[in-house]
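Participant: Let me begin by handing over the structure; questions about it come next.
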Amino acid sequence: MHGKLGGTGKLVILPVDQGFEHGPIKSFEVNPDAYDPHYHFQLAVDSGVSAYAAPVGMIEAGASIYAGMLPLILKLNSFNSLHSKNLTSDQAITSSVKDALRLGCLAVGFTIYPGSAKCFDMMEEAREIVAEAKSYGLAVVLWSYPRGEVISKEGETAVDVIAYAAHIAALLSASIIKVKLPTKYLEREEIETENIESLSKRITRKYVKRSCFAGKRIVVFSGGESKSVNEICNEAKEIKQGGGNGSIIGRNTFQRKREEALSMLKDIMDICT
């Protein structure tokens, strides 16, 4: 593993795919420096995070300049918010494993939507990508985000649904599994509620981590909506206490001014160790 957390079994990854997902103005206007792809590369290098993840255009813009300075994760598929809300949740494949090799990436990332009407197609795509990536020695990060017609909005982060989504990613042979932070809401299963009151208990080997082959797979958690530094650090403490492997934090990093982002990432990595 790379960066300040190298050798610890923990990861903090900087992902910058939100421009695709939410548009450039919503993603970057709050911190205009973030319009520049090189800003994110340099932020990742200077902070000492474990890796930087982005779609092909962002990676291409800086891969040759920053070659060998940090591990790169090529995000292979993406959604955009111009997509009609009346259509089922899906993502377009926008790059390939060969692109990842060409750009010197050490891993690829791919999103699946368990519960979507397109989930079986996405899983079959993931299967092919995992096999190809691993044949070249690349790691695979699966973003496993439950959603769809049979899952309520609140259920998308329910502890039982998140555990199920994480298990699906493990079964698809993900090297690293990315899920959202689980809430104490229950969508499908009966669980003793006293065991899920705290975030750490929801993450613990009894639920999300346990669902990933009894804790034998790496699980990192998304930062989610914009939050205060204190909230993010408290979540990092709960993730550590629950046995999670770290965080993958995008907008909560690059929407802050550079010095504040660097300070926050240092605090998170200090907590992880």
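Quick note: the coordinates plus some simple rules give every number you see, no bench work behind them. This one's a predicted model, so the numbers in the text were calculated from it and none came from an experiment. Because the Cβ atoms are built from the backbone with ideal geometry, glycine has one as well, and the counts that use them run over all protein chains shown.
Participant: What are the aspartates and glutamates whose alpha-carbon lies under 13 Å from the alpha-carbon of Lys257, with same-chain residues fewer than 8 places away excluded?
Facilitator: The reachable aspartates and glutamates, counting only those whose Cα sits under 13 Å from Lys257, are Glu29, Asp33.
Participant: May I pose another question? Starting from the Cα of Lys184, draw a straight line to each of the lysines and keep only those under 26 Å, dropping any in the same chain fewer than 8 residues away.
Facilitator: Lys10, Lys153, Lys201, Lys206, Lys209, Lys216, Lys227, Lys237, Lys240
Participant: OK, next. Between Tyr136 and Phe213, what length comes free when the chain is fully extended (0.36 nm per residue of separation minus the Cα-Cα distance, one decimal in nm)? Display every interim value, and only then the final one.
Facilitator: Details: separation 77, 0.36 × 77 = 27.72 nm, distance 2.44 nm.
Going from the current span to full extension adds 25.3 nm.
Participant: Just name one of Thr94, Ala170, Phe120: the one whose Cα is farthest towards the positive end of the charge dipole of region 3-272 (beta-carbon charges, Lys/Arg +1, Asp/Glu -1).
Facilitator: Ala170
Participant: Starting from region 85-191, pick out the GluC sites (Glu not before Pro) whose DSSP state is loop and whose Cβ has at most 16 other Cβ atoms within 10 Å. Walk me through the numbers before you get to the answer.
Facilitator: Working: sites: Glu124, Glu125, Glu128, Glu132, Glu149, Glu154, Glu156, Glu187, Glu189, Glu190; in loops: Glu149, Glu187, Glu189, Glu190.
Answer by residue number: Glu149, Glu189, Glu190.
Participant: Under the rule of -39500 (n - 2.57) per DSSP H run of 4 or more residues, summed and divided by the residues of the chain, what mean residue ellipticity at 222 nm is obtained, to the nearest 500 deg cm²/dmol? Show your work: numbers first, answer last.
Facilitator: On the way: 12 runs with 105 residues, N = 273.
About -10500 deg cm²/dmol.
Participant: Oh, and also: So who's got an amide H within less than 5 Å of the one on Met69, skipping anything under 5 residues away but keeping other chains? H placed 1.01 Å off N, in plane.
Facilitator: It is none; the list stays empty.
Participant: Counting each pair of different Cα atoms once, what's the Kirkwood radius of region 155-242 in Å, rounded to one decimal?
Facilitator: Values: mean 1/r = 0.0772 Å⁻¹.
Its Kirkwood hydrodynamic radius stands at 12.9 Å.
Participant: To continue, here is another question. For the chain, what proportion of DSSP beta bridges, expressed in % and rounded to the nearest 5, is antiparallel? Display every interim value, and only then the final one.
Facilitator: Values: 2 of 30 bridges.
Counting only bridges with both partners in the chain, antiparallel ones make up about 5 percent.
Participant: Taking the Cα centre of the chain as origin, sum charge times position over the Cβ atoms of Lys and Arg (+1) and Asp and Glu (-1), and report the length of that vector in debye to the nearest 20. Intermediate results must be reported in sequence, preceding the final value.
Facilitator: Details: 32 positive and 32 negative charges, 135 e Å.
So the magnitude is around 640 debye.
Participant: Right, here's the next one. Could you pull out the chymotrypsin sites (Phe, Trp or Tyr not before Pro) across region 71-160 that fall in loop regions by DSSP (anything but H, G, I, E, B) with no more than 13 other Cβ atoms inside 10 Å?
Facilitator: On the way: sites: Phe79, Phe110, Phe120, Tyr136, Trp143; in loops: Phe79, Tyr136.
Of the chymotrypsin sites (Phe, Trp or Tyr not before Pro), the ones in loops of region 71-160 whose Cβ has at most 13 other Cβ atoms within 10 Å are Tyr136.
Participant: What is the P(r) of region 93-174, as percent of Cα-Cα pairs per 10 Å bin from 0?
Facilitator: Going out from 0 Å in 10 Å bins, region 93-174 shows 19, 47, 25, 9, 0 percent.
Participant: With a cut-off of at most 15 other beta carbons within 10 Å, and DSSP calling the residue loop, which GluC sites (Glu not before Pro) in region 1-67 qualify? Please list them.
Facilitator: Within region 1-67, the qualifying GluC sites (Glu not before Pro) (loop, at most 15 other Cβ atoms within 10 Å) are Glu29.
Participant: Along the charge dipole of the chain, which of Met69, Ile249, Asn230 sits closest to the positive end, that is, farthest toward it, with unit charges on the beta carbon of Lys, Arg, Asp and Glu (+1, +1, -1, -1)?
Facilitator: Result: Met69.
Participant: Using only C-alpha positions, report the orientation-averaged shadow area of the convex hull of region 11-139, nm², one decimal. Display every interim value, and only then the final one.
Facilitator: On the way: hull surface 33.0 nm².
Result: a mean projected hull area of 8.3 nm².
Participant: Under a straight-distance cross-link criterion of Cα-Cα below 15 Å, which aspartates and glutamates are reachable from Lys134, leaving out those fewer than 8 residues away in the same chain?
Facilitator: Within reach: Asp99, Glu125.
Participant: Here is a follow-up. Give the dimensionless ratio obtained when the Cα radius of gyration of the chain is divided by 2.2 N^0.38 Å. Could the numbers behind the result be given before it?
Facilitator: Numbers: Rg = 17.4 Å, N = 273, 2.2 N^0.38 = 18.5 Å.
Against the empirical 2.2 N^0.38 Å value, I get 0.94 for the chain.
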